[in-house]
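Trainee: Please find one structure pasted underneath; my questions will follow.
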Amino acid sequence: MFGTIRKKPVILEASSTDHGSIAELHSLSFPRGWSKSEFANLALQNNVTLLVARSVGNPDGPILGFNIVRQAEDEAEILSIAVDPKARGRGLGESLMREAIFRLRADRIEKLILEVDGSNKAAIKLYNNLGFLTVGNRPGYYRNEGPVDTADRSTALVMRLDLV
């Protein structure tokens, strides 16, 4: 009668028990998934933050998305971000990005860099809406599914958001 009310997700720092779930979600989202141990090693670095999105009221529920951010000096980089394919289109990617941006501004980071597949129109639209600008590209950077051939690779757009 009134439609479905969508609750905003809660964005939390990942715990060590989340690394396997993050790895599974990563492998659903990218041709070459990262392993649980790769995420565990990233989490050990004091300049890396692993954020996860979960449903409100379900802090131990499934991870709906993640965002991995690495800081160095006065800049930061999004290492990887993904949303569960079943949960896309609900604003989770935006929530994960806004939380990262909020934390980076609190840490007085001046700029945020990321690379995105030039064919990922939804992600590019999100980043543009958040104020990111394309500052470069890397032809043949992303390997698409299928044989390893430079013709089967897509261009990465390098995007930057000034935080100050």
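Trainee: Which residue, A14, A123, F102, has the largest displacement toward the positive end of the dipole of segment 9-162 when charges sit on each Cβ (Lys, Arg +1; Asp, Glu -1)?
Mentor: Ranked along the dipole, the leading option is A123.
Trainee: Normalising by the residue count of the chain, find the relative contact order in percent from Cα pairs under 8 Å and 6+ residues apart.
Mentor: 18 percent.
Trainee: Let me ask something additional. Give, as a single signed number, the net charge of other residues whose beta carbon lies under 13 Å from the beta carbon of L42, with Lys and Arg counted +1 and Asp and Glu -1.
Mentor: Within the 13 Å Cβ shell, the charges total -2.
Trainee: Output the Cα-based Rg and Dmax of the chain in Å, rounding Rg to one decimal and Dmax to a whole number.
Mentor: Every Cα atom of the chain included, Rg and Dmax give 16.0, 52 Å.
Trainee: Relative to the present Cα-Cα distance, how much length would full extension add between N129 and K8 at 0.36 nm per residue of separation?
Mentor: My answer for the length gained is 41.7 nm.
Trainee: Measuring from centroid to centroid over Cα atoms, what is the spacing of segment 19-77 and segment 117-144 in Å?
Mentor: 20
Trainee: While we're here: Extending each Cα 7 Å along its Cβ direction at A106 and E38, get the distance between those two points in nm, one decimal.
Mentor: Label-label distance for A106 and E38, simple model: 2.9 nm.
Trainee: Within the chain, which is the longest segment containing none of the trypsin sites (Lys or Arg not before Pro) that sit in a DSSP loop and have at most 12 other Cβ atoms within 10 Å?
Mentor: After excluding every exposed loop site, the longest remaining stretch is 33-107.
No value in this document is a laboratory result; all are computed from the given coordinates. As the structure is a computational prediction, the values presented were derived from the model and not from experiment. Every residue, glycine as well, gets a Cβ built from its backbone with ideal geometry; the counts of neighbours run over all protein chains shown.
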